[in-house]
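Taking it in order: structure first as structure tokens, then the write-up.
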Amino acid sequence: MNLKKIHHIAIIVSDYERSKKFYTETLGFKILRENFRQDRGDHKLDLELDGCELEIFSGKNNPKRANYPEACGLRHLAFYVEDLDVVIKELNQKGIRTESVRVDEFTGKRMTFFSDPDGLPLELHE
């Protein structure tokens, strides 16, 4: 097997427009493609951030995500940042609450968490 890298991650959102705005305007993802899938009655939004793609699907009647206690499945998305304090300040100025900064016990790197509009945990890792 000759896997090269992760091509994309896909998430289902409850409010397409709210999530589109969050991921593009707040987090800075670039829109690659935006399509309405008539046969399914939903939107599919392909985003890109530094070569990594994120697919956003608008959900209909999907069950809520179980966050705490954590359920099996996707745990969180993590973003590398060069200056954690600067990014935390930017998020807080946009009204997005972040958790206290902690240090990864294995790497010694600083990190924090915040959530997307549907409560998906997002990590900032320095």
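No value in this document is a laboratory result; all are computed from the given coordinates. Bear in mind that the values here come from a model prediction, so they are computed numbers and not experimental data. Positions of Cβ are backbone-derived with ideal geometry, glycine not excepted, and every protein chain shown enters the neighbour counts.
What the table below lists for this structure:
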{"item": "Residue 2 versus residue 55: modelled label distance in nm, points set 7 Å from Cα along the beta carbon direction", "result": "2.4"}
{"item": "Unit charges on C-beta of K, R, D, E only; dipole of the chain, Debye", "result": "360"}
{"item": "Overall Cα dimensions of the chain, principal axis frame, Å, largest first", "result": "48, 42, 30"}
{"item": "The chain - mean residue ellipticity at 222 nm from DSSP helices (-39,500 (n - 2.57) per run, n ≥ 4, rounded to 500)", "result": "-3500 deg cm²/dmol"}
{"item": "Reachable lysines, given that their alpha-carbon falls under 25 Å from the alpha-carbon of residue 109 and they are not under 8 places away in the same chain", "result": "5, 89, 94"}
{"item": "Ranked 115, 19, criterion: other C-beta atoms within 10 Å, fewest first", "result": "115, 19"}
{"item": "Cα shape, segment 73-126, gyration tensor, a/c 1.5 rule", "result": "oblate"}
{"item": "Segment 35-126: trypsin sites (Lys or Arg not before Pro) falling in loop per DSSP and having at most 14 other Cβ within 10 Å", "result": "40, 60, 64, 75, 94, 97, 109"}
{"item": "Counting DSSP beta bridges with both ends in segment 73-126, the antiparallel % (nearest 5)", "result": "65"}
{"item": "Principal-axis tilt of helix 84-93 within the chain, Cα atoms, nearest 10 degrees", "result": "60"}
